[in-house]
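What follows is a set of notes on a single structure, which appears directly below.
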2 protein chains.
Amino acid sequence: MVELDFEKTGGLIPAIAQDYRSGEVLMMAFMNRESWELTVKTGIVHYWSRSRNRLWKKGESSGNVQEVKEIRIDCDNDCILVKVDQIGEAACHTGYVSCFFRVVEGETTRIDGKKVFDPADVYGEKK
Amino acid sequence: MVELDFEKTGGLIPAIAQDYRSGEVLMMAFMNRESWELTVKTGIVHYWSRSRNRLWKKGESSGNVQEVKEIRIDCDNDCILVKVDQIGEAACHTGYVSCFFRVVEGETTRIDGKKVFDPADVYGEKK
């Protein structure tokens, strides 16, 4: 296993997910050592959820997992770039393809992104 | 000024720089509130250097500044994506275009990136 500098940032390393076809940056989340090792071994991206304080297999609820196409690490061994095949097209829990669907324009933001699903349909109660 | 969630991560927010033409992810570094405001106001990317513990205008030594073409923020207001025109082509202090010039292959890494300059020529002592 390639060794990363988990100590530098208190055990969590930023990981950027990029669509392997379009090059669109989909999201950024953190990996701890366990999620890093699982990502490399399984070929499915795992993060560490800071809000839930637990291992997070991306797409475990929605089914929108991220299949690893390529993993790159940066010059300092403290950041990860994963090129992924985003199953279900959308990486963001809001239903947008990318979490970066807002462009900063002066004092406000403008939405510029493709919305694939309605979160209520995916995460909401079954009717 | 668009408000970001600097408190969530102790004052520092990850910022991803992406080449606005090629879509290549160039680097990831952190911004504090001051560097965020300077980036938005000046149109030149500023980070916060954790190793030097000070404001860091990217390219201040090498001249390879990053001109802002577009700024995006993520769904949680705690990550920034900056599309930049990378002056001098290379973002990495090693001379590579991108800091992510190593691909993980099994137990090791393979270099896959374009090297633009020799760091000794840029940062080294003048002869």
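The values are calculated or read from the model by the stated rules, or taken from the named source; none is laboratory data. In this text, all values refer to a predicted model and were calculated from it rather than measured experimentally. Cβ atoms come from the backbone with ideal geometry, glycine included; neighbour counts cover every protein chain shown. Ligands, DNA and RNA are excluded from the accessible area calculation, which covers all protein heavy atoms including side chains. Shrake-Rupley method; radii C 1.70, N 1.55, O 1.52, S 1.80 Å.
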Selection count, the range A:64-96, where residues are facing another protein chain (nearest Cβ under 9 Å), more than 18 Å from B:Asp76 (Cα to Cα) and not in a loop (DSSP other than H, G, I, E, B): 6
Condition broken by B:Glu60, with the remaining ones in (1) touching a residue at least 12 places away in the same chain (Cβ under 8 Å); (2) in a loop (DSSP other than H, G, I, E, B) satisfied: (1)
Yes/no for B:Leu81 being more than 16 Å from A:Val103 (Cβ to Cβ), within 16 Å of the chain's Cα centre (by Cα) and aliphatic (A, V, I, L, M): no
Sole exception among (1) more than 13 Å from chain A (Cβ to nearest Cβ); (2) touching a strand residue (DSSP E or B) at 6+ places or on another chain (Cβ under 8 Å) for B:Ser61, by number: (2)
In the range A:1-16, residue least open to solvent (accessible area, probe 1.4 Å) [restricted to those that are facing chain B (nearest Cβ under 10 Å) and small (Gly, Ala, Ser)]: A:Ala15
Positions within the range B:23-55 being within 13 Å of chain A (Cβ to nearest Cβ), closer than 14 Å to B:Glu70 by Cα and either open to solvent by 50 Å² or more (accessible area, probe 1.4 Å) or at pLDDT below 95 (or both), in sequence order: B:Lys41
Residues satisfying the stated conditions in the range B:70-100, i.e. open to solvent by less than 20 Å² (accessible area, probe 1.4 Å) and not aliphatic (A, V, I, L, M): B:Asp74, B:Asp78, B:Cys79, B:Gln86, B:Cys92, B:Gly95, B:Ser98, B:Cys99, B:Phe100
